[in-house]
Amino acid sequence: MLMIKVKRLYTFMLSRFLPRFLMTFCICLFIVMMQFLWRYIDELVGKGLSIGVVAELFFYAALSMVPLALPLSILLAALMTFGDLGEHVELTALKSAGISLTTIMKPLAILMAIVAVGAFFFQNNVLPKSQVKMWTLLFSMRQTSPTLDIPEGAVYSQIPGYNIYVKRKDKERDMLYQMLIYDVSNGTMYPRIVAADSGRLTMTEDKRHLVLTLYKGSWYEEMKGGGGVSGMSGELYRRETFHDKEIMIPYDANFTRMDDETMRSQYIGKDITELRQTIDSVRLKVDSAATLVLARMRTNPECGVPLQRTVVKDGHTALEPVAEVKLDKPLDLDKMIKERPAFEQQEIYNQAIMRATNAMQDQQFQGYTINDDNFIIRRHQIELMKKFTLSLACLIFFFIGAPLGAIIRKGGLGMPIVVSVLLFIVYYIIDNSGYKLARDGRWHVWQGIWLSSAVLLPLGIFLTRKAVNDSAVFNPDAWLAVLRRFTGLHQTRKLVAKEVVINEVETDTAIAKIEDLKNDCQQWLDSHPGRQRYIDYWRQGYDKPAIKELAQKVDSVVEYLSNSRDQMVLNKAMDFPFIRQLLTYQPVTNRNVGTAVAALFPIGLPVWLLGLHHQHNLKRDIRLTIKTCDQLVAIFNGEYSREMEYSDTVS
């Protein structure tokens, strides 16, 4: 019977989650596709591309955008599903039936594990091929010439080597009027300028040439210099007046698809095996280059004396070290150079500068080559690790969205979308920052790529734990209580007269409780007469259990007095301060650890000063508690007067 209930629960949860997941995935994919379209709109418009080519590009782009849309859709679907269950009290009904939140999440967690495995194989097998196709199509479109649409009253420069100005167009007759053409196809040094009254622009059947037919115009062309032929010198030019003229212009308007091999050899087109092979081969190349550079540095001569020399032994060439040259006394190089003539000194300096410059340039060139290879290694390592990060991101976002939806208990598209977008923006910023740090070599690749997962994984664990334990994560009072433990914020009591009192307040009992509280407060003050020294603060501090016991006794007295029918007693009971439990009363419990922290004087000093301030406030609150006790006793005995409010001022 229990198995049947569990199976029904699994079916119920899957039926609630799957439609939302498919809907949010389509929405998120559409949004990222719109971002892709706006980013590359200039590459598509005005190229005369067929619908089939554009649809193919969008299909491969949609596949390439899946890693960006999948985690966001999982987060949004989980938030909506569990938020809707909480909003309609279905989650509460399931828990009241003895079903824990982990059991409720179990079928969806299994589904997310299957999705994570599928995401890994998608990243490894499908995504490289789709990215190769997408980028090949994009680069092919960039090489495609735009369609001809010469505007009126503006210079048209989309035809390579030609700038055309047309004052007026007749679309019905397909005529252009008052044309001015600036031809720099042979270089800007020798341009051709053509002015025509009218003309017509057509294209050949193979779409590889433009035919420009001009009527009633003139032609001006600068030519190369005469070079002194027949006594002429200077520049030559040609001027021509024509009635009609045709100009053939090379212009390939066909869409030519590039070969996929170029993109397939890049890191985006490789699976895990190919990425590892490339990393190993490039790393071997870097190691070999570094070894070669080191060998060259070792064999370079010092002060003209080589460290090694080439010898031939048994028909084989080998290197052997040169014996060290020993000097009887140190050489004064400055003196030796100054004894030379001035021109020899200058030659020595020039040769030294030249050798140093050549050595520096050679090392820089080798360094650039090694840096480029290291950059290739990093890009392949990044792509290799991304094969796994998507799967983990799917699991992390599920364990963030599901417990968060159970906590906020808001379904629909309002609150879940806001929360999902904010969390995803944080994830995207962290992930993009880590990617750039890893790509530029400022961090290790694994640190940058796994940064977003390392940041969000603790959040998922925290939210899941809070949701399973039904903790009030978004309760402001709970967060204020935590904040008060660190900052010592003041808190006031509020008591309201009860309409129905079950346990009446008896005067003798109330006075006995108040006197007992007063004695405990006075004993605590007597045991802590002055300020704690620096070393005593870090080694022992204040006894937190004693302070907690005192605070509980104050709360007990206030709770007893809250049943009083006397408004004056209620008002005075509200004067009892809250005895706060601050961390600065006793920052460490181990004496040895406290001694070690105290030795770190720059760190321990500000904490000690803050702790002294909080201890002073604690003593002030305890003195105020004693004063309030005296006033309450006076109220019960009928001896209270307004002068008691201003006597024994608490400092």
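The values are calculated or read from the model by the stated rules, or taken from the named source; none is laboratory data. What you see is a predicted model; the values in this text were computed from it and never measured. All Cβ positions, even for glycine, are placed from backbone atoms using ideal geometry, and neighbour counts span all protein chains on display. Heavy atoms of the whole protein, side chains included, go into the accessibility calculation; ligands, DNA and RNA do not. Shrake-Rupley method; radii C 1.70, N 1.55, O 1.52, S 1.80 Å.
Computed quantities for the displayed model
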| read-out | value |
| --- | --- |
| Nearby lysines by direct alpha-carbon distance to LYS329 (threshold 24 angstrom, same-chain neighbours under 8 apart not counted) | LYS338 |
| Members of LYS518/LYS544; LYS548/LYS627; LYS410/LYS436 lying beyond 27 Å, as alpha-carbon distances in this model show | LYS410/LYS436 |
| Computed magnitude of the charge dipole of segment 533-647 (debye, nearest 20; Cβ of K, R +1, Cβ of D, E -1) | 460 debye |
| Cα-based reach from LYS335 at 26 Å (exclusive), listing lysines while leaving out same-chain residues under 8 positions away | LYS326 |
| Helix 507-527 vs. the chain, principal-axis angle (Cα, 0 to 90°, nearest 10) | 60 degrees |
| Protection-proxy order for peptides 61-69, 421-429, each taking the mean of Cβ atoms within 10 Å per residue, highest first | 61-69, 421-429 |
| Accessible surface ranking that places the most exposed of VAL418, VAL558 first, with a 1.4 angstrom probe | VAL418, VAL558 |
| Under-5 Å amide H pairs with TRP443, H placed in peptide plane, nonlocal only | ALA438 |
| Förster radius 30 Å - calculated FRET efficiency between SER50 and LYS129, Cβ distance, rounded to 0.05 | 0.85 |
| Restraint check, LYS466/LYS572; LYS133/LYS171; LYS285/LYS387, Cα-Cα greater than 31 Å | LYS466/LYS572; LYS133/LYS171 |
| Degrees between helix 2-39 axis and first principal axis of the chain (Cα, 0 to 90, nearest 10) | 40 degrees |
| Distant-in-sequence amide H partners of SER198 (H built 1.01 Å from N, under 5 Å) | GLN178, MET179, TYR215 |
| All aspartates and glutamates inside 16 Å of LYS167 as judged from Cα atoms, apart from same-chain residues fewer than 8 positions distant | ASP149, GLU152, ASP197 |
| Where a label projected 7 Å from the Cα of PHE578 along Cα→Cβ would reach, residues of segment 600-614 with amide N under 18 Å | 614 |
| Full-extension gain in nm, LEU236 to ARG493, via 0.36 nm per residue minus C-alpha separation | 82.3 nm |
| Sulfur and carbon atoms: percent of accessible area, the chain [1.4 Å] | 58 percent |
| Inter-label distance for VAL293 and PHE375, nm, one decimal - labels placed 7 Å from Cα along Cα-to-Cβ | 1.5 nm |
| Relative contact order, percent, the chain [alpha-carbon distance under 8 Å, six or more residues apart] | 13 percent |
| Förster radius 45 Å - calculated FRET efficiency between ALA454 and ALA359 (Cβ-Cβ, nearest 0.05) | 0.55 |
| Spin-label proximity, ASP440 to segment 385-420 - amide N less than 17 Å from point 7 Å beyond Cα toward beta carbon | none |
| Calculated FRET value between GLU515 and ILE535, using beta carbons and R₀ = 41 Å, to 0.05 | 0.65 |
| Acute angle (nearest 10 degrees) that the helix 476-487 long axis makes with the longest principal axis of the chain, alpha-carbon atoms | 90 degrees |
| Where labels lie 7 Å past Cα in the beta-carbon direction, separation of ARG276 and GLU559 in nm | 6.3 nm |
| For ILE376, solvent-accessible area (1.4 Å; no DNA, RNA or ligand), Å² | 70 Å² |
| Helical contribution to [θ] at 222 nm, DSSP H n ≥ 4, -39,500 (n - 2.57), averaged over the chain, rounded to 500 | -20000 deg cm²/dmol |
| Length released on extending from ASP174 to LEU22, taking residue separation times 0.36 nm less the Cα-Cα span | 49.6 nm |
| Protection-proxy order for peptides 544-551, 284-291, each taking the mean of Cβ atoms within 10 Å per residue, highest first | 544-551, 284-291 |
| Backbone HN-Hα couplings from phi across segment 429-442 [Karplus 6.51/-1.76/1.60, Hz, Gly and Pro as x] | 5, 5, 5, 5, 5, x, 5, 5, 5, 6, 5, 7, x, 6 |
| Within segment 59-102, backbone nitrogen closer than 20 Å to the virtual label 7 Å beyond the Cα of MET34 toward Cβ | 59-77 |
| Size of charge dipole - the chain - debye, nearest 20, with Cβ of Lys, Arg +1 and Asp, Glu -1, no other charges | 920 debye |
| Computed accessible area, CYS28, all protein chains, 1.4 angstrom probe, square angstrom | 10 Å² |
| Inter-probe distance in nm under a simple model that places probes 7 Å from Cα toward Cβ, at ASN637 and LYS544 | 3.9 nm |
| Segment MET203-ASP566, length gained on full extension (0.36 nm per residue, minus Cα span) | 120.4 nm |
